[in-house]
Amino acid sequence: MLIPRLVDHDAPGPAWSPVRNAAGERLKPIIKCRCGWFCGIGLHHVHIDGRVTASFFHTDECDPGRGCGFHEFIELADYDQGEFLPEVRQ
């Protein structure tokens with residue numbers, strides 16, 4: 001599923017938004033779920049072309065009391081933020 005870049009914070013999801021830290025460095029983008037909740041994708045690989053692997057799944061396990069069950073393989077439209085590897089859980 002191709003999801004658009006978020007241009008209006010109040011627009012419905014799904015959509016994606018670029019993120020920068022205080023020093024201006026690019027960070028992994030965040031996803032606005034279909035339900036409107038903003039979700040991090042730390043364990044996902046964001047490829048240079050905007051593909052996100054593994055699939056995005058908004059579950060209660062990752063977001064207690066809010067997981068809506070939205071589950072799709074997503075691609076970030078007009079993506080230009082670079083590649084981000086999955087974070088490693090220890």
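The values are calculated or read from the model by the stated rules, or taken from the named source; none is laboratory data. Predicted model only: the values in this text are computed from it and were never measured. A quick note on method: Cβ atoms are made from the backbone with ideal geometry, for glycine too, and the neighbour counts reach across all protein chains shown.
Is it the case that the stretch 45-54 has a residue that's within 13 Å of Glu72 (Cβ to Cβ), at pLDDT below 95 and of a type outside the set (D, E, K, R)? Within the stretch 45-54, one or more residues are within 13 Å of Glu72 (Cβ to Cβ), at pLDDT below 95 and of a type outside the set (D, E, K, R).
Within the stretch 29-53, being under 11 Å from the mean Cα position of the chain (by Cα) and farther than 18 Å from Gly13 by Cα holds for Gly42, Leu43, His44, His45, Val46, Thr53. Here Asp63 meets the list (1) surrounded by fewer than 13 Cβ atoms within 10 Å (Cβ to Cβ); (2) closer than 23 Å to Arg89 by Cα; (3) acidic (Asp, Glu); (4) out of contact with any Gly (no Cβ under 9 Å at 6 or more places or on another chain) almost entirely, failing just condition (1). In the stretch 66-85, of all residues being within 16 Å of Gly40 (Cβ to Cβ) and more than 12 Å from the chain's Cα centre (by Cα), the one that is surrounded by the fewest Cβ atoms within 10 Å (Cβ to Cβ) corresponds to Leu85. Pull up the stretch 13-40, narrow it to residues that are free of Cβ contacts under 8 Å to residues at least 12 places away in the same chain and outside any strand (DSSP E or B), then point me to the one that is nearest to Thr59 (Cα to Cα). The residue in question is Asn21.
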